[in-house]
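One structure below.
Every number here is computed from the coordinates shown, using simple stated rules; none is lab data. Computed from a predicted structure; not experimentally measured. FYI the Cβ positions are ideal-geometry reconstructions off the backbone, even for glycines, and counts take in every protein chain you see.
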Amino acid sequence: MKLYELENWVLKIIDQVEAGQPNEDSRVELKSEWIDAKKAARLIAGHANAARGESILWLIGVDEKKGVMGAGNMELANWYPQVESQFDGLAPQLIDLNVVVRDKTIVALLFETDHAPYVVKNPDGGQITHEVPWREGRRTRSAKRSDLIRLLSPIQKVPSFEVLSGTLVVYRDMPSGAPQPINVTWQGDEKGVNRLWILRLEIYVEPKNGNKLIIPFHRCSTSLEIVECLPCTPLTKISLTSGDSTNKNITVTESQIFIDASGRVLLSLSETIPTIEGIFTKDVQIKAHFRPSDFEVPVSISAKLIPAAILKNEELARWTLKTSH
């Protein structure tokens, strides 16, 4: 990973934290401060083993609830050798980057995990001298036989999904040629007037290691949330199509999309959702989850859309993608 790509990843995570969104990326760990090297070794090893070949990212100086706090004075050149000394054999290869956010420095630690399994020494000694740690959710435990089997099986690299552009439009009436929407359950103000909402996201999908992707539509989900106005609402009738008609590497059937090589995919859907006063001036948070065939866990993306000027008379409101810069 290039340094500008790493910095962009860090800034996207910070945007999510400051927007009050929970960290849902299993590859990312947020630490408000440096932790003891012996303890860090076990946590890093468990995280790296569970990542199964994907890079993992630790951010020092970021708290999930308090936001950017800044990393304390700690010499990485002294800290990481102490961490490495706890490993039996190889430790994950480290790439570090300092990122300044509003005069506070965050230390980004990117660990490559392609030499798993990682084994650490027992810092307390005893009859059990070594351990293969495994991260499960927010805790780290010793690996089970089933975990080791997963490590020994061929690694399916997680594909990259990057949101390039996005629009969300609310219409006064049904525009001509619009797909028929499906109503959703509303848990808010029942006095809201049903309006047609149409979402479009342009996503760049990049399979890894030459692997081809098959994404069944029934394994895709999307939700929309407007803080203080609209609770997290699942959206239905998702459509995935090629974002480039000339790209022969992406084909679509009624039930799934086939992605043979990198390219743009268009996610679109429509819903009728009750609208209430003040809803059009708030930011919109979109989340989407895709689980390709042969993958145990879904790939998740999120996008923040901000209010924008309407373009047509039949539009009540419009949002567009908020970029990092």
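One table, with the values for the structure above:
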| item | result |
| --- | --- |
| Modelled FRET efficiency - R0 25 Å, Ser85 with Leu152, Cβ distances, 0.05 increments | 0.40 |
| Shape parameters for the range 160-321, alpha-carbon atoms, Rg then Dmax in Å | 16.2, 52 |
| Test item: Cα-centred dipole of the range 160-321, Lys/Arg +1 and Asp/Glu -1 on Cβ, debye | 220 |
| Per-residue [θ]222 nm for the chain (sum of -39500 (n - 2.57) over DSSP H runs n ≥ 4, rounded to 500) | -4500 deg cm²/dmol |
| nm² value of the averaged projected area, convex hull over the Cα atoms of the range 37-89 | 4.6 |
| Gained length - Thr253 relative to Ser300, 0.36 nm times residue gap less alpha-carbon distance | 14.7 nm |
| Options Ser255, Gln285, Val99, ranked by Cα towards positive dipole end of the chain, top entry (Cβ charges) | Ser255 |
| Net lengthening on full extension, Lys212/His115 (0.36 nm per residue, minus Cα-Cα) | 32.6 nm |
| Of every Cα-Cα pair in the chain, the percent that sits beyond 36 Å | 29 |
| Pairwise FRET efficiency - Gln127 versus Asp260, Cβ, R0 = 41 Å, nearest 0.05 | 0.20 |
| Extension gain (nm, one decimal) between Lys65 and Ser221, 0.36 nm per residue minus Cα-Cα | 53.5 nm |
| Range of Cα positions in the range 15-125 per principal axis (Å), largest first | 40, 28, 24 |
| Kirkwood Rh (inverse of mean 1/r, distinct Cα pairs), the range 92-167, angstrom | 16.3 |
| Residue order, fewest to most surrounding Cβ atoms within 10 angstrom, among Cys220, Cys232 | Cys232, Cys220 |
| Net charge of neighbours whose Cβ lies under 15 Å from the Cβ of Leu267, counting Lys and Arg as +1 and Asp and Glu as -1 | +2 |
